[in-house]
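Undergrad: Below are the structure tokens for one structure; questions will follow.
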Amino acid sequence: MKEKTIRWRYYIDKPFQNQFMIRFSLIILIVLFVSLAILWFLRENPYAFLVEQGGLLFSMDTNKTLQCVQENGETIEIPRPNRPYNAFDLYWKPILFISVVDLIIIIVFSLFYSHSMAGPIYNIKRTLKEIMETGQYREIKVRKNDQFQDLVESINEFIKYKGGKNEN
């Protein structure tokens, strides 16, 4: 019943596998959009979420300076703050990058995982069509790491019962 063969073609049942990959990918896309929406909300109201005595982040213009007078009367020059940053400005690029990497990983993972389901389904369909066309009963063979092992065993028992023991 179990066959030791290596399949090099990972797209066996394209509609099934595409749907499988799209559904997994939608999870990442939903998380991406929710994360960006939260950051957008923070962009619209960034300072209400700062803790007391929290700091703001500014880009500094090194070409322009401010003169500050210290308590002891000494004057020092510091770079002039250019513009403030908020959470959206700081985090949208890393979140987008991580989401794209996650999306690629999910697509590759779902292709390989769906392969272990599409192969047995393809074999079941093909074998049952052959049985209907030729009238010759033969067992369905799947690899040991494929999904639906119990289903294949049940179908093979039915084939043995219906067609008698066939040594194909």
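Undergrad: Highest mean first, how do 104-117, 67-80 rank when packing is the count of other Cβ atoms within 10 Å averaged over residues?
TA: Numbers: 104-117: 15.5, 67-80: 8.9.
In decreasing order of mean packing, 104-117, 67-80 become 104-117, 67-80.
Undergrad: Give the long-range amide H neighbours of residue 80: residues separated by 5 or more places, or on another chain, with amide H under 5 Å away, using H modelled in the peptide plane at 1.01 Å from N.
TA: 61, 64, 65, 66
Only the coordinates and a few stated rules stand behind these numbers; no lab work does. Bear in mind the structure is a predicted one, so any value in this text is a computation, not a measurement. Counting neighbours? That spans all protein chains shown, and the Cβs are built from the backbone with ideal geometry, glycine included.
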